[in-house]
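Colleague: Please see the structure below; I have some questions.
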Amino acid sequence: VLVGEIGLIMLLLEAGVELDVAQLKETGLRALAIGITGTVLPLLVGLGLATAGGAPIKSAMAVGASFSPTSLGVAASALKSGKMLDTPVGQLIVASCVVDDILALILLSMFQVLVLPDPSIIQYFIPIISSVGFLIVLGGSAVTWLPKFIENKILNRCKPDQRELVMFSIMTVMLLAYLPLLNYTKASYLTGAFLAGCTFSQIESAHHQFMEKTHQLMTWLLRVFFAASIGFQVPVSQFSDPYVIGWGFILYLCVAAKLPLAAYVPQFEDVKKGASYNPFIRDRIITALAMTCRGEFSFIIAAFALGEGLLTARMYAAIVWAVLLSCITSPFMLLNLIKY
């Protein structure tokens, strides 16, 4: 699992390096809207379904929260395979998933506070303050002054044959600093990997060098990630229970609750007269399907709720079944749509 997590960290680092800052300035507010709406809709749908099924309010909230996060790892992997990761719509999806990821960590932190016997008020706000604060400080630095400082003050003073080594050394140091910093302050360590990569998105040839040196390693690490962090958490023995299968299909409505997010996608390309397809409709469907991808955070939230007694073993298995359906169907439909 640890080796697989390294693969996920590398994937988010690459997503940061590939970030188009100019495009982000245009779509930042839309990404924020997609992330917030995409967190709230599944939460409300899951809350309603579980409450209708007789679950207590905290348990119902846990069910909804399990479907709120979009897996940036799954979505980015599918977009990368379809060569859509560095397109405008791909950048919008990545930025939206980062917001989604931050909100998912805030939700998980909230549940960790909810199960405490006598939590203080400040404990509810620490994850929010930490996440927003680091996005403003580290994220703002990554897209403004820090890339210029690294390139002009450090890299340009290096010999040409040493420039690549120095750049990767700085990237590694920043990554190793950001990961524990954000993790121990109750923010997402994955966001730290993304922000470290963002710092190099405006540095000349950084993306090409990164891909040339890490492509084969990342391919292997991601295979381990999807097998270990997702595969090992599937309660296969429970899938013969009709209750689990039935509720799993019902809870799939929480996954489908993200489809309306397509309405936020702007028109990136002009529609050519007589064209066989409409790129605007394509981008909307791609965004909707990408945001329905579920993965590691859904399992993490559901497993935490199970461990704290908020979920029964059968409801946990039903959530895993619904998430597993999403892990299979969403990337499959997304890749086939891109190819089509």
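The values are calculated or read from the model by the stated rules, or taken from the named source; none is laboratory data. Please read all numbers here as calculations on a predicted model, not as lab measurements. Quick reminder, even Gly has a Cβ in these numbers, built from the backbone with ideal geometry, and neighbours come from all protein chains shown. Each accessible area value is taken on the protein alone, full model and side chains, heavy atoms only, with ligands, DNA and RNA left out. Shrake-Rupley method; radii C 1.70, N 1.55, O 1.52, S 1.80 Å.
Colleague: Please report the spacing between the Cα centers of the range 1-75 and the range 272-340 in Å, no decimals.
Modeller: Each part's Cα centre sits 10 Å from the other's.
Colleague: Helix 279-291 versus the longest principal axis of the chain: what is the Cα-based angle in degrees, 0 to 90, to the nearest 10?
Modeller: Long axis of 279-291 versus the principal axis of the chain: about 60 degrees.
Colleague: Would any residue of the range 117-132 have its amide N under 18 Å from a label point 7 Å out along Cα→Cβ of Ile57? List them or say none.
Modeller: 117-121, 124
Colleague: Quick one: length gained pulling Val173 to Thr219 fully straight, 0.36 nm per residue minus the C-alpha distance?
Modeller: 14.3 nm
Colleague: Now, a different point. Could you compute the longest span of the chain free of GluC sites (Glu not before Pro) located in DSSP loops and having at most 16 other Cβ atoms within 10 Å, not counting the site residues? Walk me through the numbers before you get to the answer.
Modeller: Values: sites that count: Glu204, Glu269, Glu308.
In the chain, the maximal stretch lacking such sites is 1-203.
Colleague: With every atom except the alpha carbons ignored, what do you get for Rg and Dmax of the range 5-136, in angstroms?
Modeller: Computed over the Cα atoms of the range 5-136, radius of gyration and Dmax are 16.4, 49 Å.
Colleague: Per residue, how much space in cubic angstrom lies within the convex hull of the C-alpha atoms of the chain?
Modeller: 140
Colleague: At 222 nm, what value in deg cm²/dmol follows for the chain if DSSP H runs of at least 4 each add -39500 (n - 2.57) and the sum is divided by all its residues, to the nearest 500?
Modeller: -23500 deg cm²/dmol
Colleague: Also, quick follow-up: So if R0 is 45 Å, what FRET efficiency would Asp86 and Phe239 give, r being the distance between their Cβ atoms, rounded to the nearest 0.05?
Modeller: So the FRET efficiency works out to roughly 0.75.
Colleague: Between helix 313-339 and the chain, what is the angle of the helix's C-alpha long axis to the longest principal axis, kept within 0 to 90° and rounded to the nearest 10?
Modeller: The answer is roughly 40 degrees.
Colleague: Moving on. Once the other residues with Cβ under 13 Å from the Cβ of Ala78 are scored (Lys, Arg +1; Asp, Glu -1), what is the net sum? Could the numbers behind the result be given before it?
Modeller: Details: positive: Lys80, Lys83, Arg294, Lys339; negative: none.
Around Ala78, the surrounding residues sum to +4.
Colleague: Moving on to the next point. Can you sort Leu335, Leu108 by solvent-accessible area, 1.4 Å probe, largest first?
Modeller: Leu335, Leu108
Colleague: Now, a different point. Starting from the Cα of Glu26, step 7 Å along the direction of its Cβ; do the same at Phe280; then give the gap between the two resulting points in nm.
Modeller: Result for the modelled spin labels: 1.5 nm.
Colleague: Cα centroid distance between the range 123-159 and the range 194-212, in Å?
Modeller: 14
Colleague: Compare Thr51, Thr185 by solvent-accessible area with a 1.4 Å probe and give them largest first, with all protein chains kept in place.
Modeller: Descending order: Thr51, Thr185.
Colleague: Let me ask something else about it. Carbon-plus-sulfur fraction of the accessible area of the range 33-141, 1.4 Å probe, in percent?
Modeller: 76
Colleague: Report, to the nearest 10°, how far helix 121-134 tilts away from the longest principal axis of the Cα atoms in the chain, using its own Cα long axis and a range of 0 to 90°.
Modeller: With both axes taken from Cα atoms, the answer is about 30 degrees.
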